[in-house]
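Shown next, in structure tokens, is the structure this report addresses.
The values are calculated or read from the model by the stated rules, or taken from the named source; none is laboratory data. All values derive from a computational prediction rather than experimental measurement. Note that we place each Cβ from the backbone using ideal geometry, even for glycine, and neighbour counts take in every protein chain shown. Ligands, DNA and RNA are excluded from the accessible area calculation, which covers all protein heavy atoms including side chains. Shrake-Rupley method; radii C 1.70, N 1.55, O 1.52, S 1.80 Å.
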Amino acid sequence: MANNGRRSVKMKKGPTVGTGGHGRKALEGKGPTPKAEDRPYHKAFKSKQLAERSEAKRAGTGRSAGARSGPKGRATEEVVTGRNSVVEALRAGIPAKALHVAIRIEMDDRVKESLKLAAERGIPLLETGKPELDRMTEDAIHQGLVLQIPPYEYQDAYELAEETLASWKRGHVANAPLFVALDGITDPRNLGAIIRSVSAFSGHGVIVPERRSVGVTASAWKTSAGAAVRVPVARAANLNNTLKAFKNMGIYVLGLDGDGDVSLPDLALATEPVCLVVGSEGKGLSRLVRENCDQIVSIPIDSAMESLNASMAVGISLYEISRQRAAK
């Protein structure tokens with residue numbers, strides 16, 4: 001067969017002379033192999049997620065306790081799941097965006113009461129399919145009821161202190177400013193109980209750090225027994241800087257600790273503007289927070305008792321401060 005004078009040329013495979021190393025990138029390594037727990041397709045990755053979710057539930061910040069995290073860890077919404085939890089939340093008057101009810105839900109007394117309470121408060125009732133309820137709750141046991149909670153609107157710690165001081169100096173507030181700051185507390189029930197004590201003893205607010213601290217979850221709302229409506233909770237970007245700013249404003253910072261240098265009954269600053277700082281039951285006050293306190297105050301207790309629960313220690317201290325202010 002004629003080839004019209006053309007000669008066939010057999011091409012060699014691979015790079016030829018003069019390629020300038022264009023294939024060099026293909027020969028380069030892709031860096032170290034990621035850990036198994038960081039590879040989404042590996043079972044270790046799923047195990048790590050389950051462990052983190054369990055830890056969040058124990059801290060009261062997981063879905064079953066209410067919180068759902070959005071981008072960069074910011075809480076986007078909260079949900080209360082299960083018939084008992086939903087009806088208790090509605091009885092406690094926790095703010096709610098909507099009550100999601102499963103299609104063709106089996107009625108019982110809890111469901112009926114939940115529907116009645118939601119209707120009385122004007123909370124929207126949304127009939128929702130099971131797949132959507134499963135998605136909202138990340139497959140938690142919801143029993144066909146999911147209460148959607150709006151994110152809590154925190155005040156700014158500096159602004160709250162400045163406004164309270166200004167109102168006190170103008171005579172609009174009878175008692176000197178009284179705040180409680182939390183250092184390393186992660187249990188929402190402790191926060192709720194502290195909010196309740198602050199309300200009972202005429203406190204003016206609670207300060208929580210933005211990181212490594214509990215927030216106002218549905219569990220905290222419920223434990224506060226409605227006091228979260230009356231007592232503002234403010235967030236501090238950095239607790240130590242906030243405490244320094246409080247001191248510059250004329251607010252005395254008092255740390256609560258078992259080995260304090262001042263016994264609570266001997267506290268001489270009770271009638272002054274005060275910010276009580278309480279640490280976690282296990283670790284107590286952190287070193288930097290302790291250094292920023294004007295005084296470390298201890299509560300005299302029986303030697304057989306090692307320590308008090310954080311919310312109990314706050315309640316006792318607020319009572320003593322309130323007693324001394326009333327006797328002035």
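A few points about this structure:
- Taking every DSSP beta bridge that has both ends in region 162-291, the antiparallel portion is near 5%.
- Residue separation of Met107 and Asn248 scaled by 0.36 nm, minus their Cα-Cα distance, works out to 44.9 nm of gained length.
- Estimated FRET transfer efficiency (Glu127, Asp156; beta-carbon r; R0 51 Å; 0.05): 0.80
- Distance (nanometres) between label positions extended 7 Å along Cα→Cβ at Asn309 and Lys328: 3.1 nm
- Bridge type composition, region 244-319 - antiparallel percent by DSSP, nearest 5: 10 percent
- Between region 208-222 and region 163-181, the Cα center-to-center distance that results, in Å: 24 Å
- Modelled FRET efficiency - R0 25 Å, Arg135 with Arg211, Cβ distances, 0.05 increments: 0.30
- Apolar share of the accessible surface for region 139-200: 44 percent from carbon plus sulfur atoms, 1.4 Å probe.
- At full extension, Val262 and His172 could sit 29.3 nm farther apart than now, given 0.36 nm per residue minus the alpha carbon distance.
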